[in-house]
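Okay, structure first, notes after.
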Amino acid sequence: MRQTCKQIRTQIDEGCYNTAIETHCSSCIECASYLRQIEGVKQLIASCRVAAPADFNARLRRQIAARKAEKLPLTWNWKLAIASLIVLLLSISSHKYWLEQRQPSTKNQTTAPSSTWAAETQTKYAETKTQYELKEITTPIVTVTTGLEDHLKQLPRRSRKPQQALDKNAPIIIPVVIGAQPILDTSTLGESELSSVTVVIF
Amino acid sequence: MCSLSYSIELAPATAELPEQLTDHELVEAVGKGDETAFEILVNRYKGQIVNFIYQMLQDYDRAAELAQETFLKVYISARKYRAEHSFSTYIYRIASNLAISELRYRRRRRWISLLNPFGNSEEEKPLDVPDKAPLQDEELIDDERRRAVSRAIKSLPEKYRLTLVLRDVEGLSYDEIARITGLSEGTVKSRINRARNLLREKLQQYI
Ligand SMILES: [Zn+2]
């Protein structure tokens, strides 16, 4: 192969077609054949192009949505766990605080609660030694400051209807929604006594 | 108890986000959560990416799936995207890596199937070309030629196939192919020439 042919073929390979190639190929059969074949290969490959499927974008949208949905619950689980833990700790500490405040007054208590049923129940159940489990149930009041009032209305109101009161050991269920304001308003508990506090995440 | 629902809308391109925006501008917008920008980007590149992966694998369905994965990766990492080179280089690099991983996975599976003579061999699988309507005479010839090209490309070693497809199918520059593959421009050129010559021999009757 002449030096010129080698240079010309390099140019053909690189696809930089110019008049030099044209002039050379008009007088060199080998290079003209090489050019034809290389162009033929390129055309053959190019003719086999395929297009994206018609539903490509829709499928991609679904995949992205699925990926996002997969990721969300994971972060939310963490948030729920942390938030419920905070609520639980707050409830326990406020309950503890209330118990501490109540200790001296109980000893010297002379007046019974306002309703007669409360007085009866007060004598019925003795307070246990455990700080967090009081056996005596009188008037537990739960105040909710978010949109869960409706749900709470369905809970038994032991303070008003003693005959419907749950077992003395039954827990009081406090619904909690993440992002809600304080759920248990301990200031309204007054003389009431809680048997236990259970936090339920809705 | 705690139910969460999430929906995503990829709205069609609107006048507020013109198609004339550059790739970099679009990716930046995608990083800020702009779904329309992503839609434009997908429409701009989906044809090339599906075709590129198809030419690498010669398997249309899998090519479409991997093209989806390519765009998913673009979407997920849009916020971290740094415009060092062109977006085209970036997306082709993702697609090449996926295609090469797939080829390697298939090769491993072929070895396993060779060790297990009762399993289905990859070689026995017919070539997967996109579905077509009933073929006329001329179309039959086209189809035969298409299959021959497909077989010829599939027979190329992976390293030659990648550079050839990027150059002769996708029409990328040597410089860009070098950036995508991480090879020197000289190596890219020699691989492309080698691949073309191999194809020239195999496809002689169709040229
Ligand atoms: Zn010559």
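Tabulated results
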{"quantity": "Accessible area of B:Ile180 in the full protein assembly, 1.4 Å probe (Å², nearest 10)", "calculated": "10 Å²"}
{"quantity": "For A:57-65, mean number of other protein chain Cβ atoms within 10 Å", "calculated": "6"}
{"quantity": "Sites A:Ile29 and A:Ala58 - FRET efficiency at Förster radius 41 Å, r taken between beta-carbons, to 0.05", "calculated": "0.15"}
{"quantity": "Centre separation in Å (Cα based) which lies between the stretch A:5-71 and the stretch B:55-94", "calculated": "19 Å"}
{"quantity": "Ellipsoid semi-axes in whole angstrom, largest first, where each is sqrt(5λ) of the Cα gyration tensor of the stretch B:17-117", "calculated": "31, 13, 11"}
{"quantity": "Neighbouring partner chain Cβ atoms per residue of A:26-39, average, 10 Å criterion", "calculated": "1"}
{"quantity": "Projected area, mean over directions - the stretch B:136-207, Cα convex hull, nm²", "calculated": "5.0 nm²"}
{"quantity": "Pairs from B:Lys159/B:Lys189; B:Lys80/B:Lys159; A:Lys68/B:Lys73; B:Lys73/B:Lys189 whose Cα-Cα separation, in the structure shown, is over 18 Å", "calculated": "B:Lys80/B:Lys159; B:Lys73/B:Lys189"}
{"quantity": "Spacing of the two label points (7 Å from each Cα toward its C-beta) at A:Leu80 and A:Gln7, in nm", "calculated": "7.6 nm"}
{"quantity": "Estimated FRET transfer efficiency when R0 is 30 angstrom, pair B:Arg79-A:Ser47 (beta carbons, to 0.05)", "calculated": "0.15"}
{"quantity": "Shielding by partners, peptide B:45-56 (average Cβ within 10 angstrom, other chains)", "calculated": "3"}
{"quantity": "Volume in Å³ per residue [convex hull over Cα atoms, computed for the stretch A:5-47]", "calculated": "62 Å³"}
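The values are calculated or read from the model by the stated rules, or taken from the named source; none is laboratory data. Bear in mind the structure is a predicted one, so any value in this text is a computation, not a measurement. With ideal geometry, Cβ positions are generated from the backbone for all residues, glycine too; neighbour counts draw on all protein chains shown. In case anyone asks, the SASA skips ligands and DNA or RNA and just uses the protein heavy atoms, side chains included. Shrake-Rupley method; radii C 1.70, N 1.55, O 1.52, S 1.80 Å.
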